[in-house]
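Reading through the structure tokens given below for one structure.
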Amino acid sequence: MSELPLIKKKLEAAEMKRRSFLGWSTFLGSSALASTKLAKKLRSAPSSPPGPLFQESSSEVKMVRTGCPSHNCGGRCLLKVYVMDGQIVRIEGDDRPNDTIEDPQLRLCIRGQSYRRRQYHPDRLKYPMKRAGRRGEGKFVRISWDEALDKIASEMERMKKTYGNTAIYVPYGTGSYNQTNGRQTAQRLMNLFGGSLDFYNSYSWAAISYATPYVYGTNVTGNQRQDWLNSKYILMWSWNPSEMRDGTNSEYFLKKAREKGARLVSIDPRMTLSAVALADEWIPIRPGTDTAMMSAMAYVMITEKLYDTGFVKTHCIGFDETQMPAGAEGAENYKDYILGTRDGVPKTPEWAEAICGVPKSTIARIAREYATIKPAVLYQGYGMQRRAYGEQVVRAGCVLAAITGNVGIPGGWAGGIALQAPDGGPAWIVFPTGKNPVKAAIPSFLWSEAVLRGKDMGPADGVVGVDKLDTNIKMIYAVACNALINQHANINRTAKILQDEKLVVFLVVQDNFLTPTGRFADILLPACTQFETWGLTDGWKYGDEVILMPKIVDPPDETKSDYQICAEIAKRLGLYDAYTEGRSERDWVAWAIEYYRKTRFPNIPALDEFEKSNIGVYSVPVTKPAVAFAEFRKNPEMNPLPTPSGKIEIFSKRLHDMNKPDVIPAVPKYIREWESPFGPEAKKFPLQVVGHHYLATVHSTLDNVDWLREAWPQRVFINPIDAQPRGIKNGDLVKVFNDRGATKIYCRVTKRIMPGVIAIPQGAWWSPDEKGVDRRGSVNVLTSERWTPLAFGNTQHTIMAQAEKA
């Protein structure tokens, strides 16, 4: 008889609410299981690589190495998963020997350690359902797969006939990246069906991915991370890899760089876990003002002659009047802006202190340190570009890297989005979606605009591929996506849009749980998890590995993989053979491996060999880290950049020609945000709000995992200086609100956040009460649907609000 029921009984009796996750993990690993037969089997199951993929220590316990389910956490980690009687009973981390800088272990975080609680959560969707009430009520009735799939196929045909393919939309969603699970499976279906409205950009990287090429002509601006150990000075600017990861092991490489003597400085409104664990110094800064500090740093470098004059002269354009591009000779150059030659405002440290809240002496010191302690890294995190005018801070950071001569050298860093040299690094998704016959594409963040006024949208709204959209969005097929409601801005506005059945006529949601987005579905489909199908993944932005994700357990109840669901819809549309090409999920993994062999990893083993090895990951040691722009650095004439000038464009003629200097200047400038402590709105809503990444969630995924919520409860973080006059004490229930919405959330009073700023971790599932007030701490009830002027990216960190004791 299996001992799993006994283990479950012990788990249920353990009073999880009064135990910390880490303490409970220790409890599980020792006393709770010490006397059981299962514990002996787990200890005896070999952890070394040799042996079959499913390593058996007896007839009951199996161990398989696999990738952590890919939910866009910022990492790709290796797991050891133990299975007994068809269920996962334990998860451990990478234990490969020979852990080195060149090829480090891919170590999981507590999110991966807790994953069993999501895998066997009682609220998993079990079977297809259709809506039985108003949209958003969350009322559904069970239906058969045939009824669900027949309905979807017929609605697709009706939409195509009535409105055209542009009316169909598969939105941005990051709930799965393992090839056979995720939105890419639906995109392949739509492309075979005649296409659908496409999108570009993401909620994560819109401004930084769009702005970086205006400086360098490419997004491949980052060295391989092993090169960080060659750096002597690292500015972690709005960067928190200990919580959001940003590539598995990034914090490990930073720790090693520090051990080697590098000085690390964290510049962030919050004293993050990265600041605590990795940095020598934390500098709090007012959100949305980073460009002001960067500009003041440039002022110090220019006036004290600390910048690299030789590199600027030979490798850059637009620094001063001597190197302006043709057709813009009389325009304001970068030096003019910094010195205030034309606007009469020198960008001094004193000027910046009044804006960003960083003391002028600190600004000047950081400028001198970054300019003189070489080589140096200025790593730009992503939170500061998810703001009004987010493109400016990206370009400003790149310019600082350029004028200090830290581009193209070991230990340096060019800045921007910094995809990994030499080839851009991991591909994430290689599952072939095919060509989309619909030419039109919108910025991913503007999908709600396309629902409301698609036929009026053109290039001024970020539309590309056509002069104007020919229809509004009428059907949405959301796969692994909670970005229609929970992760989109201004939730209350979006909920009203989706409630109107005259706008979006048909809405399908395909997921593991009834998410806030799922509550608005007309048809709700139960998808299996990544442990229940075959998959494959590579690194996240950084890394030189491919991780095999074999099917470990069977899908429960009536759940299916995203690939299987789309294949069955394709069958009803007469597209089954074209969609599947005769391949199963496992066959597509074999295909993906061959794709990697041809493009990036010529020595990767074939699937059968990979499967038998039980290593779980194919990795390439980095013995000589690639340095972005190394050849350009050596000879800019022979190795020009893919910019119009062939050089680093401090001044962009392309941006100049857009003739929007107030919002899209040709040189990076500080522009006051439309919601700001310095605007009239601050009288009513005086607190800035940031929605930061948090160890309890991956965006909105894992919000329902009890272990994580126990260890990292959802709180609003507030400085004592702001709490005291409001009568707020640690642990109080606090209402945070503005004109867009309100949430009630318990608080943590802490000095680890800058005064005037409060933080609400992003990702909590929107849970409105009868008055429409969120009761779970969903920050997006406060955020704005406005977008950045150049990239049309989200600005969800530009928020002003008020807080009061509830």
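The values are calculated or read from the model by the stated rules, or taken from the named source; none is laboratory data. This structure is a prediction, so every number in the text was calculated from the model and none was measured. Cβ: placed from backbone, ideal geometry, glycine included. Neighbour counts: every protein chain shown. Heads up: the accessible areas ignore ligands, DNA and RNA and are worked out on the full protein's heavy atoms, side chains in. Shrake-Rupley method; radii C 1.70, N 1.55, O 1.52, S 1.80 Å.
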5 angstrom amide H check on Ala521, placed H, neighbours 5+ away: Gly136
Ignoring solvent entirely, what values of log10 I(q)/I(0) come out of the Debye formula for the range 748-797 at 0.16, 0.17, 0.26 Å⁻¹ when each Cα is a single scatterer? -0.65, -0.71, -1.00
By the C-alpha gyration tensor axes a ≥ b ≥ c (rounded if a/c is under 1.5, else prolate when a/b exceeds b/c, else oblate), the shape of the range 324-388 is prolate
Of the listed peptides 265-271, 213-219, 634-640, 277-283, what is their order by residue-averaged count of other C-beta atoms within 10 Å, with the highest listed first? 265-271, 213-219, 277-283, 634-640
For the range 732-806, run through the GluC sites (Glu not before Pro) and keep only the ones in DSSP coil with at most 14 other Cβ atoms within 10 Å of their Cβ. Glu770
Largest first, please: the extent of the C-alpha atoms of the range 282-337 along each principal axis, to the nearest Å. 41, 23, 18
Using a cut-off of 26 Å between alpha-carbon atoms, which lysines can reach Lys455, once sequence neighbours fewer than 8 places away in the same chain are excluded? Lys160, Lys161, Lys435, Lys439, Lys468, Lys474, Lys496, Lys502, Lys660
Which net charge results for the neighbourhood of Glu501, defined as the other residues with beta-carbon distances under 11 angstrom from its beta-carbon, given Lys and Arg at +1 and Asp and Glu at -1? +3
Give, as a single signed number, the net charge of other residues whose beta carbon lies under 13 Å from the beta carbon of Trp228, with Lys and Arg counted +1 and Asp and Glu -1. +3
Taking H placed 1.01 Å from N in the peptide plane, check which residues at least 5 places from Trp765 or on another chain put their amide H under 5 Å from its amide H. none
With a 4.7 Å Cβ cut-off, tell me which Cys residues in the chain come up empty for a partner. Cys73, Cys109, Cys316, Cys356, Cys398, Cys481, Cys528, Cys566, Cys747
How large a share of the accessible area of the range 107-151, in percent, is made up of carbon and sulfur atoms when the probe is 1.4 Å and the other protein chains stay in place? 45
Once you have a ≥ b ≥ c as the square roots of the Cα gyration tensor eigenvalues for the chain, tell me rounded if a/c is under 1.5, and otherwise prolate or oblate according to whether a/b is larger than b/c. rounded
Taking the simple approach of a point 7 Å from Cα along Cα-to-Cβ for both Gln802 and Leu452, what is their distance in nm? 2.5
At 222 nm, what helix-only mean residue ellipticity would the chain give, in deg cm²/dmol to the nearest 500, using -39500 (n - 2.57) for each DSSP H run of four or more? -8000 deg cm²/dmol
When the chain is fully extended, how far beyond the present Cα-Cα distance does Asp706 get from Lys374, taking 0.36 nm per residue of separation? 114.9 nm
Working out 0.36 nm times the residue gap between Glu137 and Ala460, then minus their Cα-Cα distance, what length gain in nm do you get to one decimal? 112.7 nm
Rounded tilt (10° steps) of 183-193 against the dominant C-alpha axis of the chain: 80
Along Cα→Cβ, 7 Å out, is where each label goes; now give me the distance between the ones at Ala427 and Thr314 in nm to one decimal. 3.7
Anisotropy class of the range 613-743 from Cα gyration tensor, a/c 1.5 cut: oblate
If you project the alpha carbons of the range 303-436 onto the principal axes, what extent comes out on each, in Å, largest first? 54, 38, 33
I need the trypsin sites (Lys or Arg not before Pro) found in the range 552-607, filtered to DSSP loop residues with at most 15 other beta carbons within 10 Å of theirs. Arg583
Can you work out the Karplus-derived ³J(HN,Hα) for every residue in the range 644-659? Use 6.51 cos²θ - 1.76 cosθ + 1.60 with θ = phi - 60°, whole Hz, and x for glycine or proline. x, 8, x, 10, 5, 9, 5, 10, 9, 5, 5, 6, 4, 6, 6, 6
Alpha-carbon centroid distance for the pair the range 500-569 / the range 177-199, whole angstrom: 12
Cα centroid distance between the range 117-134 and the range 608-630, in Å? 38
What is the spin-label model distance, in nm, from Lys496 to Lys130 if the labels are put 7 Å beyond Cα along the C-beta direction? 3.0
Kindly express, to the nearest 10 degrees and within the range 0 to 90, the angle between helix 390-403's C-alpha long axis and the longest C-alpha principal axis of the chain. 60
Length gained if Arg672 through Lys771 is fully extended, taking 0.36 nm per residue and subtracting the Cα-Cα distance, is 32.2 nm
How about Lys62: which lysines have a C-alpha closer than 24 Å to its C-alpha, ignoring those fewer than 8 places off in the same chain? Lys8, Lys9, Lys10, Lys37, Lys40, Lys41, Lys80, Lys551, Lys560, Lys612
Note, ³J(HN,Hα) from phi for the range 595-602, Karplus 6.51, -1.76, 1.60, rounded to Hz, x at Gly and Pro: 4, 4, 4, 7, 10, 9, 10, x
May I ask you to derive the relative contact order of the range 115-167, considering only C-alpha pairs under 8 Å and at least 6 residues apart, and to give it as an integer percent? 23
Can you return the lysines within cross-link range of Lys735? Criterion is Cα-Cα under 18 Å, with same-chain partners fewer than 8 residues away left out. Lys683, Lys684, Lys744, Lys771, Lys805
For the chain, longest principal axis from Cα atoms; helix 250-259 axis from its Cα atoms; angle between them, nearest 10 degrees, is 50
Table column - 3J(HN,Hα) (Hz), the range 730-745, Karplus curve with 6.51, -1.76, 1.60, x for Gly and Pro: 3, x, 5, 7, 10, 9, 10, 8, 8, 5, 8, x, 8, 9, 10, 8
Calculate how many DSSP beta bridges within the chain are antiparallel, expressed in % of all such bridges and rounded to the nearest 5. 55
What ratio of Cα Rg to 2.2 N^0.38 Å holds for the range 453-575? 1.30
